[in-house]
Amino acid sequence: MIRAVKGTRDILPPASKVWNHVESAARRVLHAYHYQEIRTPIFEETALFARGVGEDTDIVSKEMYTFEDRDGSSLTLRPENTASVIRAFIEHRLDQRPGLQKLYYIGPMFRRERPQKGRYRQFYQIGAEVIGSESPAVDAEVIEMLLEILSAAGLEGFQLILNSVGCNECRPKFVMRLKEKLTEVSQKLCPDCLRRIDTNALRVLDCKVPECQPVIDALPSILDHLCEACGAHFAAVEAYLKDRGISSEIRPRLVRGLDYYTRTTFEVVHGALGAQNSVLGGGRYDGLAEALGSKVHSPGIGFSIGEDRLVMGAEQAHPELQKDQVDLFIAPIGEPALRHAAILARELRRHGLAVEMAFEGKLKRTLETADKLNARYALILGDSEIAAGNYALKNMATGEQETLSREQLAERIYGGKH
């Protein structure tokens, strides 16, 4: 038997109902903040991610699904989508459109990492990007919006973590200081951290190896090395969040795993998800567009929510989201009733009701099916009901039965949903 590839899985009902709930909630919030959807290709030129994400990141060096096309070009299944969005922004000259470009996406990403709870090799992200402003007020609004998305999706008890990683003016000076300290304690670091001292010292702060944590905790803080402009920017972000009543934990070691971040970086974590408890991450990337070939300065900020983990958290907080329910189950008796039931079902579905019907089988068996489908109502339809134009509607929860006209059916069933 052929099974799903390791690190992938099928999303089956009723779990798919939770996914639809989460995505619908996200779209409602994104629409309220005037974001518009962008859909980028699932694969891109490999150079896009090497240049945009960073060649020394784990994503590029270890996790990407890269293959050679028939013409010899190197292509990669997208491991993240910010680089793709910026590529599309440049290619289609979206900088010529009025106002900020506020874009969102929902879709699959691909990384060959070790599968673990809530993490897969084909995983899904809900993300948003705002391009065209360096204002800290934009940072605060983005963070406000993503927290609204989490709440609307049903997640509870999450925590916002915040930091600034500086800019091209102050970060190099901090990195030099960091390298000095790392060299002094190199014998205590893991092999990856030793390699990163020379290639990308800032990435040492993102190490997850437990033995490295005491060493990392004793390293200098980037917040003590911000230039005046970055310090003011970060203070303004904190102030705007405070105005909104949004609390956060400042964590100077938060640098995220991608090279393109500048200034504001953030994560949201959730304790119920275990050791790998990050639900989303994001930050500002003011130089990414130029790094990918733009001749126009196009600062931006964005985030990506791990939809797999958001769904898991929503299911834990609200198990009722997985509950599948049919509004009405029609049990026709005989061929004429079956034909009548099909027309009636179409009419009721046009009222937005979820209607299921039996196509064969005895009445007792069909009513058992209605019960297993968690139907709210069952309608028994025979020759006498058709002739009279009245229907026997049974409330499956109470067992009560009443006779209604065709016109009363939709009103009764729909009214019972509220």
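Quick look at the numbers
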| read-out | value |
| --- | --- |
| Residue identified as under 30 Å from residue 201 (Cβ atoms), of a type in the set (A, V, I, L, M) and in contact (Cβ under 8 Å) with a residue 12 or more places away in the chain among 59, 38 | 59 |
| Identity of the residue in the range 89-113, out of contact with any Lys or Arg (no Cβ under 9 Å at 6 or more places or on another chain) and assigned to a loop (DSSP other than H, G, I, E, B), that ends up nearest to residue 33 (Cα to Cα) | 100 |
| When residues of the range 1-21 are limited to those that are part of a loop (DSSP other than H, G, I, E, B) and touching a residue at least 24 places away in the same chain (Cβ under 8 Å), the one most open to solvent (accessible area, probe 1.4 Å) | 6 |
| Filter result (under 25 Å from residue 131 (Cα atoms) and among the charged types (D, E, K, R)) within the range 14-37 | 23, 27, 28, 37 |
| Residue identified as small (Gly, Ala, Ser) and either at pLDDT below 95 or exposed (fewer than 11 other Cβ atoms within 10 Å of the Cβ) (or both) among 61, 24 | 61 |
| Filter result for residue 255 (touching a Ser or Thr at 6+ places or on another chain (Cβ under 6 Å) and closer than 26 Å to residue 159 by Cα) | no |
| Every residue from the range 83-101 that is open to solvent by less than 40 Å² (accessible area, probe 1.4 Å) and out of contact with any helix residue (DSSP H, G or I) (no Cβ under 8 Å at 6 or more places or on another chain) | 85 |
| Subset of the range 12-51 (residues that are among the β-branched types (Val, Ile, Thr) and either over 17 Å from the mean Cα position of the chain (by Cα) or closer than 30 Å to residue 61 by Cβ (or both)) | 38, 40, 42, 46 |
| Those residues of the range 142-178 which are in contact with a strand residue (DSSP E or B) (Cβ under 8 Å, 6 or more places away or on another chain) and surrounded by fewer than 17 Cβ atoms within 10 Å (Cβ to Cβ), in sequence order | 157, 159, 168 |
| Filtered residues of the range 102-140 (kept if of a type in the set (Ser, Thr, Tyr), in contact with a Leu (Cβ under 9 Å, 6 or more places away or on another chain) and surrounded by fewer than 20 Cβ atoms within 10 Å (Cβ to Cβ)) | 133 |
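The values are calculated or read from the model by the stated rules, or taken from the named source; none is laboratory data. Since the structure is predicted, the reported quantities are computational estimates derived from the model, not experimental observations. Note that each Cβ is placed from the backbone with ideal geometry, even for glycine, and that neighbours are counted across all protein chains shown. Protein only, heavy atoms only, side chains kept; ligands, DNA and RNA dropped before computing areas. Shrake-Rupley method; radii C 1.70, N 1.55, O 1.52, S 1.80 Å.
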